[in-house]
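Reviewing the structure listed below.
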Amino acid sequence: MKIAILPGDGIGTEIVAEAVKVLNVLDLKFETETALVGGAAYEAHGHPLPESTLNLARSADAILFGAVGDWKYDKLERALRPEQAILGLRKHLGLFANFRPALCYEQLTSASSLKPELVAGLDILIIRELTGDIYFGQPRGRRIAVDGHFPGAEEAFDTMRYSKPEIERIAHVAFQAARKRSKKVTSVDKANVLETFQFWKDVVTEVHAQYPDVELQHMYVDNAAMQLVKAPKAFDVVVTGNMFGDILSDEAAMLTGSIGMLPSASFDKNNKGLYEPSHGSAPDIAGKGVANPLATILSAAMMLRFTLDQPQAADRIESAVKAVLSAGLRTADLWSEGTKKVGTREMGDAVVAAISGNFAGKTITKT
Ligand code: IPM
Ligand code: MG
């Protein structure tokens, strides 16, 4: 098995280093190869997703990705901006199904911005369609308006679109995922206004006929945003388009205490996966050694479980994360009075120690 390691920019390099450290202590047989991506690749090769990086990602069995982006690239033409690297990987590798689990660890219920009782035991799975919608729809661009409220004025436009097979395949993914959980899917749309999302709703309903054992609920995105902070535990699997999924997954992340806790996995039709934290490159704290590496470490666990077929190794990582949280270790994003503030490396070291049995006398044994 070969894992492509793409740390990227900002805190990306710091958090991926910790995840690699954790992978290496597990005694598994795999090969890794590291490549530049995002702003780092632009600096070195003049492109955020150089051919060599894309080829590595193509040839690898799994990809561990950090984060890309920095404000200093905001003035570059769009095709050269760091974000194009992750968008390009999703598109070129056909990674259409994005799993963003929002799990509130019992040790972190008080770190959430919501009342502890609202988030205690929270375990929802956002399934975001990742290669369609307004993110990739053509045409898009700038032009001089020929109609509308201000003909003759400069305007910009994007295209929201979904084809039937694109909606069908993500709907199947969601219903199948729900069968392994509590058999409930909430499909989030904006069918009351948008043609694309009336179509989304119709197609999801049609696919649902093949899953009579799964309950399907439709919800408008504005209401979903509200329900997520009102009664988040009422959700189980949420399936939605690229744009709404981007927004709702950040919102759901915060319920768990910190976006620094949220892993994610993006799959192609053969279950090849790209694993990355749900958060970004956080240039404001980059290089300071304070970023939370747990989302990336947990993404590595997802990689072991879903692509590398090493569920026990994944369990060991997840148990180790719980052990270090139980011991009160917190990076700055999670810190509160009475807990011990640690940096990125210390947190990674603690997880490694917990896996290898050298952490506060606790051993996370092989199961
Ligand atoms: C995410 C990010 C990306 C997105 C950006 C970096 C392009 O916000 O993975 O959620 O919008 O999809
Ligand atoms: Mg996002």
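The values are calculated or read from the model by the stated rules, or taken from the named source; none is laboratory data. Nothing here was measured: the structure is a model prediction, and the numbers come from that model. Counting neighbours? That spans all protein chains shown, and the Cβs are built from the backbone with ideal geometry, glycine included. For accessibility, only protein heavy atoms count, side chains too; no ligands or nucleic acids. Shrake-Rupley method; radii C 1.70, N 1.55, O 1.52, S 1.80 Å.
Once you have a ≥ b ≥ c as the square roots of the Cα gyration tensor eigenvalues for region 114-171, tell me rounded if a/c is under 1.5, and otherwise prolate or oblate according to whether a/b is larger than b/c. Working shown, then result.
Working: a/c = 4.74, a/b = 1.91, b/c = 2.48.
Oblate shape, in that a/c is at least 1.5 and b/c is the bigger or equal ratio.
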Can you list the lysines whose alpha carbon sits under 20 Å from that of Lys184, skipping same-chain ones fewer than 8 residues off? Lys201, Lys230, Lys233
Options Pro116, Met226, Asn55, ranked by Cα towards positive dipole end of the chain, top entry (Cβ charges): Pro116
Using only alpha carbon positions, build the gyration tensor of region 54-110, then give the equivalent ellipsoid semi-axes as the square roots of 5 times its eigenvalues, largest first, whole angstrom. 27, 20, 10
Using unit Cβ charges (K, R positive; D, E negative) and no other charged atoms, how large, in debye to the nearest 20, is the dipole of region 14-80 about its Cα centre? 120
Could you give the accessible area per residue of the chain, probe 1.4 Å, as a whole number in Å²? 44
Over region 240-367, the quotient of the Cα radius of gyration and 2.2 N^0.38 Å is 1.10
For the chain, calculated [θ]222 nm from helices alone, where every DSSP H run of n ≥ 4 adds -39500 (n - 2.57): -11500 deg cm²/dmol
Contact order relative to length for the chain, counting C-alpha pairs under 8 Å separated by 6 or more residues, stands in percent at 21
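Can you tell me the alpha carbon radius of gyration of the chain divided by the globular rule-of-thumb value 2.2 N^0.38 Å?
On the way: Rg = 20.7 Å, N = 367, 2.2 N^0.38 = 20.7 Å.
So the Cα radius of gyration is 1.00 times the expected 2.2 N^0.38 Å.
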Dipole magnitude of the chain about its Cα centre, charges +1 at Lys/Arg Cβ and -1 at Asp/Glu Cβ only, in debye to the nearest 20? 680
For the pair Arg78/Glu51, report the inter-label distance in nm, with labels modelled 7 Å from Cα in the Cβ direction. 2.5
Aspartates and glutamates within cross-link reach of Lys341: Cα-Cα under 13 Å, excluding same-chain residues under 8 positions apart? Asp333
Among Lys115/Lys164; Lys91/Lys322; Lys21/Lys269, which pairs are too far apart, with a Cα-Cα distance over 32 Å? Lys115/Lys164; Lys91/Lys322
Straight-distance crosslink candidates among aspartates and glutamates, where the alpha carbon sits under 12 Å from Lys272 and sequence neighbours closer than 8 are dropped: Asp61, Asp309
Filtered GluC sites (Glu not before Pro), region 35-77: DSSP coil and at most 13 other beta carbons within 10 Å: Glu77
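Provide the packing ranking of 4-14, 82-92, i.e. peptides ordered by the mean count of other C-beta atoms within 10 Å per residue, highest first.
4-14, 82-92
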Between Glu43 and Thr159, how high is the FRET efficiency from 1/(1 + (r/R0)^6) when r is the Cβ-Cβ distance and R₀ = 30 Å? Nearest 0.05. 0.40
